[in-house]
Amino acid sequence: MADPVTKSPPAHTAEANNEVVLSVEDLKVYYDTPSGPLKAVDGVSFTLTRGERLAIVGESGSGKSTLATALMRMTRSPGRVAGGRVILDGKDLLPLTAEQIRRVRLSEIALVPQGAMNSLNPVMRVEDQIIDGMVDHSETGRAAKPELRPRVHELLRRVGLSTSVSRMFPHELSGGMKQRVAMAIATSLSPKVILADEPTSALDVVVQRQIMQTLGQLQEGLDASTVLVGHDMGLVAQFADTIGVMYAGRLVEIAPARQIFQNPLHPYTRLLIKSLPSLAGKGEFIAIPGLPPTLLDLPQGCSFNPRCPDVFDKCSAVTPQLLEVMQGRSAACHLFEQKGEDN
Amino acid sequence: MTPLLELRNVTKIFGGGFLRKAPQTVAVDDVSFTIQPDRPSITTIAGESGSGKTTMARLLLGVAKPTSGQVFYKGKDVAGMGRREQREFRREVQPIFQDPFESYNPFYKIDHVLNSPIGNFMGPTPRSQRREMIEEALQMVGLRPQETLGRFPHQLSGGQRQRVMVARALLLKPRIILADEPVSMVDASLRATILDSLSRLTRELGIAVVYITHDLTTAYQISDNIIIMYKGSVAEAGSVERVIRDPKHPYTRLLIESIPQPDPDRRWGEDDSALRIGEETASATGCKFADRCPMVMENCLDTPPPLYAVDEHRTASCLLYSDTPELQDRDVASVFAYSAPVPTPAATVPT
């Protein structure tokens, strides 16, 4: 691995370099319930290179938010990490002590939470909230608060807010402005990885576009990598280099964004893209038949087999593994396993 | 012909008032709109949060009273209706709300939410007949009665619950269904089913649907006509083909450009001159969009733009089109296009 201290020149495409920043290996997050463990994340693996924008998409209940919280080591009871490794810059986050992980959060991996309206402290001024995070998580020990004020102004300007916002309370801000404050907090210690969990879910389209563009600029400015978690395929297409599709706790396909949309491999990805309403012509969107499975009662074999149009015998017997089926593209589907074997 | 439902110069103002310094919010600003009885179609009211679309829904339902202007149902002012007329109005205009989780009482089975409207509006009905009506309504929205009835709300998915809500509205044989963001909390893969059951109601049963949403792609897919609201006023209205495919108002253009297209080769433009956040500097007298408008002209700041009949099936409230005639009596429905054939009463029963 390259020396993490020497920053390589900003590269905005995944192809430009291969320095792995984050690597997730066979991560499992289970929720303990009276009827047994619910496998919200069941063996997810992926890598993230420097400057890469990865998006994890899935419907509600697919495990995407559980995955994001596990990457921050913020899984709460009854949830627990049941296995796997999360390696950030060469260091596994899962065995770290509470104090060690506190130094990693925000300074190396930071989260832009879902619904910023509820993630800010309503009785604290914006600048104090930003300073709080910086003081708590910086590796260099505790800096004096007054010294950090100019830094707060710089952070606010970087997310497109005027410096007068620093003295305001969250209720004085619009939803888009609160989301910008959340981004300022998340990037205050220049993390290597920015996790964004549905950062625009409650915002209007125009504001959504502004927020995503700001997030993109921040990431490029910091030469950081981004993991965007979301359900909106349109939004993801606008932002990501690489897209991972989750279904029932597993990654079923991961590939460069352009290829996913041009030629989706997994039948679920294909139907998901077909189910998007388009502005190009009327009557071109159809729902995926059936319903998403409940995680406590998953079908035998491939979880998608009851809804899959291409189902065959093997699907209801064997769970397909995520395998590389073409250059840079992986899918967990028996249809492509055979192709892989043939080649 | 007397319109089925009519908003006539309706304005709704919140806040302000005697002894209060809070600024007034004009949620709906002089909007006129009609639904004709002989042309069942789907009309979308679209806009961002704060555009007044939900207040419009509440006015159309008679739950909110206009500050000025009137709401008429079959020619009668909703505010001055007698008990019998009000009952008829409440039966024939049915709402479907946004959140399929909160519109249920978790302690009652699904059957309850379907049985009680029959009891409330239809008078005493034999159990077997109720059952038959409920099953018919469920089938109409694509649910299997034996898999739905007898269950509790938490045993159904969000999409199923929302379809039960459509079935509930359907039971009362309404003339109008008003759906306020019916799919915004439902997974993308299941949205099409709910929207399809709404459009079947129009096509097969002749029910007029008012679809309130911020999502222009689904609006384009299911509706015939659309009203784009901005800060309580109509920015642009007309047939979806015209308004969505070829927007004229700068605000509609901004909205459509901002929709994230599921295509990595068609990303948002980097030019964000129109993305300036409204700094609340909009002049009180002029166009409400002037402070964000990329095409703003001098007289935009002092003249409120009237609705211009830009073409046969579209009206826009923008001074760019001041060379076209003003829309007569401001009823935005006068430019609507109706593509669906008008069903005769005999044809409204599905086979």
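Bear in mind that the values in this text are calculations on the coordinates, not laboratory data. In this text the structure is predicted, and so the values were computed from the model without any measurement. Methodologically, a virtual Cβ is constructed for each residue, glycine included, from the backbone with ideal geometry; neighbour enumeration extends over all protein chains shown.
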Sequence-distant residues sharing a close amide H with A:LEU96 (under 5 Å, placed H): none
Calculate the translational D of segment A:34-88 in whole µm² s⁻¹ from Stokes-Einstein, where the hydrodynamic radius comes from the Kirkwood formula applied to all Cα pairs, the temperature is 4 °C and the viscosity 1.567 mPa s. 102 µm²/s
Sites B:ASP77 and B:TYR338, calculated FRET efficiency, Cβ-Cβ separation with R0 30 Å, nearest 0.05: 0.70
Out of A:THR97, A:THR200, A:THR187, a Gaussian network model of chain A with alpha-carbon springs under 10 Å gives the largest mean-square fluctuation to A:THR97
Restricting to DSSP loop positions (anything but H, G, I, E, B) with no more than 12 other Cβ atoms inside 10 Å of their own Cβ, which chymotrypsin sites (Phe, Trp or Tyr not before Pro) remain in segment A:238-328? A:PHE312
Tell me the angle of helix A:205-222 to the major Cα principal axis of chain A, expressed in degrees between 0 and 90 and rounded to the nearest ten. 70 degrees
Do any chymotrypsin sites (Phe, Trp or Tyr not before Pro) in segment B:89-160 lie in a DSSP loop with no more than 14 other beta carbon atoms within 10 Å, and if so, which? B:PHE101, B:PHE107, B:TYR108
Which whole-Hz couplings ³J(HN,Hα) result when phi for each residue of segment B:149-154 is put into the Karplus expression 6.51 cos²θ - 1.76 cosθ + 1.60, θ = phi - 60°, listed in order with x for Gly and Pro? 5, x, 9, 8, x, 5
Please list the non-local residues whose amide H lies under 5 Å from the amide H of A:MET246, H modeled 1.01 Å from N, same-chain partners needing a gap of 5 or more. A:VAL57, A:GLY58, A:VAL252
For segment B:102-165, which GluC sites (Glu not before Pro) pass both filters: DSSP loop (anything but H, G, I, E, B) and at most 16 other C-beta atoms within 10 Å? B:GLU102
Dimensionless Rg over Rh [segment A:208-267; C-alpha; Kirkwood]: 0.99
Expected 222 nm ellipticity per residue - DSSP helices of 4 or more, -39500 (n - 2.57), all of the protein assembly as shown, to 500: -8500 deg cm²/dmol
Output field shielding_mean for A:202-208 (other chain Cβ, 10 Å radius) holds 6
Relative to a virtual label point 7 Å from the Cα of B:GLU204 in the Cα→beta-carbon direction, which members of segment B:120-143 show backbone nitrogen distances below 13 Å? B:136-143
Calculated log₁₀ intensity ratio I(q)/I(0) where the Debye formula runs over C-alpha points of chain A, q = 0.09, 0.15 Å⁻¹: -0.51, -1.34
Kindly identify segment B:9-85 as rounded, prolate or oblate by the Cα gyration tensor criterion: order the square roots of the eigenvalues as a ≥ b ≥ c, call it rounded if a/c is under 1.5, otherwise compare a/b with b/c, prolate if a/b is larger, else oblate. oblate
Starting from the 7 Å offset along Cα-to-Cβ, what nm value, one decimal, do you get for the label separation of B:VAL63 and A:GLU99? 5.5 nm
Computed D for chain B, Stokes-Einstein, Kirkwood radius over alpha-carbon pairs, 25 °C, 0.890 mPa s, to the nearest µm² per second, is 114 µm²/s
What does a probe at A:SER174 reach in segment B:298-324, counting residues whose amide N is under 20 Å from the point 7 Å along Cα→Cβ? B:301
When a/c is below 1.5 the answer is rounded, else prolate if a/b is larger than b/c, else oblate, so apply that to segment B:1-158 with a ≥ b ≥ c taken from the square roots of the Cα gyration tensor eigenvalues. prolate
In order over segment A:261-277: 3J(HN,Hα) from phi, Karplus 6.51/-1.76/1.60, θ = phi - 60°, whole Hz, x for each Gly or Pro, gives 6, 6, 8, x, 8, 5, x, 5, 4, 4, 5, 4, 5, 5, 7, 7, x
On Cα atoms only, tilt of A:126-137 relative to the major axis of chain A in degrees: 70 degrees
Once the Cα gyration tensor of the protein assembly as shown is diagonalised, what are the square roots of 5 times its eigenvalues, in whole Å and ordered largest first, as equivalent ellipsoid semi-axes? 44, 34, 24
Name the residues whose placed amide hydrogens come within less than 5 Å of the amide hydrogen of A:LEU111, ignoring near sequence neighbours (fewer than 5 apart) on the same chain. A:LEU106, A:LEU195
FRET efficiency, 1/(1 + (r/R0)^6) with R0 41 Å, evaluated for A:SER45 and A:SER138 via beta carbons: 0.85
With r as the distance between the Cβ atoms of A:LYS145 and B:GLN139 and R0 = 45 Å, compute the FRET efficiency 1/(1 + (r/R0)^6) and round to 0.05. 0.10
Phi-based couplings in Hz for segment B:310-327 (Karplus 6.51, -1.76, 1.60; Gly and Pro marked x): 5, 8, 3, 10, 7, 10, 9, 9, 7, 5, 4, 10, 5, 7, 9, x, 6, 6
Distance between segment A:151-172 and segment B:139-186 - C-alpha centres, whole angstrom: 45 Å
Between 0 and 90 degrees, rounded to the nearest ten: what's the tilt of helix B:158-171 against the longest Cα principal axis of chain B? 80 degrees
Its Cα gyration tensor gives segment A:71-206 an equivalent ellipsoid whose semi-axes in whole Å, largest first, are 26, 19, 13
